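Q: So that we are looking at the same thing, I have put the structure below in structure tokens.
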Amino acid sequence: MLIKTRGIVFRTVKYGETSIITDIFTEELGLRTYIVNGVRKPKSRMSASFFQIASLLELVVYEKDQKKLQRIKEVSTSKLYQKIPFSVIRGAVSQFILEVTRKSIKEKEQNYRLFNFLYEAFSELDELPMDEPNFHLHFLLELPQYIGFSLQSTTQPDPFYLDIKEGIFSKQYDNPSYQINKQNSHWINRLIKKEPIHINASQRKELIDDLLLYYKYHIDGFGKVNAHDVLSDIFH
């Protein structure tokens, strides 16, 4: 069966002398793995450049039940990036977004809301007039609402503490192992409400560490996010 769909490239690895295997999150089918034969030959009808990570694509794909590796019939660019490929910071942020999302998705089913959120996030990252050092913080706080464990802001006065088990803010600080300190909880609450915060690189890293702990608690096998180390180096 042939399916026409948009897609976001999550991962691409070389396979053999001339082929690749690529993980693509598709709008119509969810996460799929494709083998593309001969794509690294000089005269291939599909350029390997299409399958750079974070690429936004228009695809016509074959979908065969029970096959682990699917195939692509046609590919073209859905949106041509103007800044991400040429910016160290935006490139690192896009890798961070991809790694967090890939570790968060456990089901391969279609998810229109998640796809559109990711598509718009990459489009926005590319179109920002200047680098936004808190972009990935906003992303970490918005992604959970599309995969089932979102945070809600609070209107109660400071001090309060974010409970990563319950996903709520509490006035009681009685379980430090599962609660984020009051300053970071305050900043997270402001970010959820899309209010500006002014933090330095070390404070940003600490906030990301706290939010990744939240992910690890709610997603089995989430593991370490390697792109976080790259971002920390870039923003120092």
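Q: Check off (1) assigned to a loop (DSSP other than H, G, I, E, B); (2) hydrophobic (A, V, I, L, M, F, W, C); (3) touching a residue at least 24 places away in the same chain (Cβ under 8 Å); (4) surrounded by fewer than 19 Cβ atoms within 10 Å (Cβ to Cβ) for M130 and give me the number that stays unchecked.
A: All conditions pass for M130, except number (3).
Q: Just to be sure I understand, how many residues within region 188-231 are free of Cβ contacts under 8 Å to residues at least 24 places away in the same chain and among the acidic types (D, E)?
A: Summing the residues that are free of Cβ contacts under 8 Å to residues at least 24 places away in the same chain and among the acidic types (D, E) in region 188-231 gives 4.
Q: While we're here: Just wondering, is there one or more residues in region 197-220 that are closer than 17 Å to P157 by Cβ and at pLDDT 90 or above?
A: Within region 197-220 (the criterion being closer than 17 Å to P157 by Cβ and at pLDDT 90 or above), the answer is no, since none of the residues qualifies.
Q: May I pose another question? For G7, indicate whether it is surrounded by 13 or more Cβ atoms within 10 Å (Cβ to Cβ), part of a strand (DSSP E or B) and small (G, A, S).
A: When the stated conditions are applied, G7 passes them.
Q: Now, a different point. All but one of (1) assigned to a helix (DSSP H, G or I); (2) surrounded by 18 or more Cβ atoms within 10 Å (Cβ to Cβ); (3) touching a residue at least 24 places away in the same chain (Cβ under 8 Å) hold for H138, so report the exception by its number.
A: Looking at each condition in turn, H138 falls short on (2).
Q: Looking at region 115-124, is at least one residue surrounded by fewer than 19 Cβ atoms within 10 Å (Cβ to Cβ), assigned by TED's automatic domain parsing to the domain that holds V225 and not in a helix (DSSP H, G or I)?
A: no
Q: I'm trying to understand the selection: among the residues of region 1-33, which are of a type in the set (S, T, N, Q), over 15 Å from L69 (Cβ atoms) and at pLDDT 95 or above?
A: Correct list: T5 only.
Okay, residues lined up against (1) closer than 30 Å to S150 by Cα; (2) of a type in the set (G, A, S); (3) assigned by TED's automatic domain parsing to the domain that holds F10:
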| residue | (1), (2), (3) |
| --- | --- |
| G30 | yes, yes, yes |
| G38 | no, yes, yes |
| S55 | yes, yes, yes |
| Y62 | no, no, yes |
| K73 | no, no, yes |
| E99 | yes, no, no |
| Y112 | yes, no, no |
| N134 | yes, no, no |
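The values are calculated or read from the model by the stated rules, or taken from the named source; none is laboratory data. Everything quoted here is computed from the prediction, not taken from an experiment. All Cβ positions, even for glycine, are placed from backbone atoms using ideal geometry, and neighbour counts span all protein chains on display.
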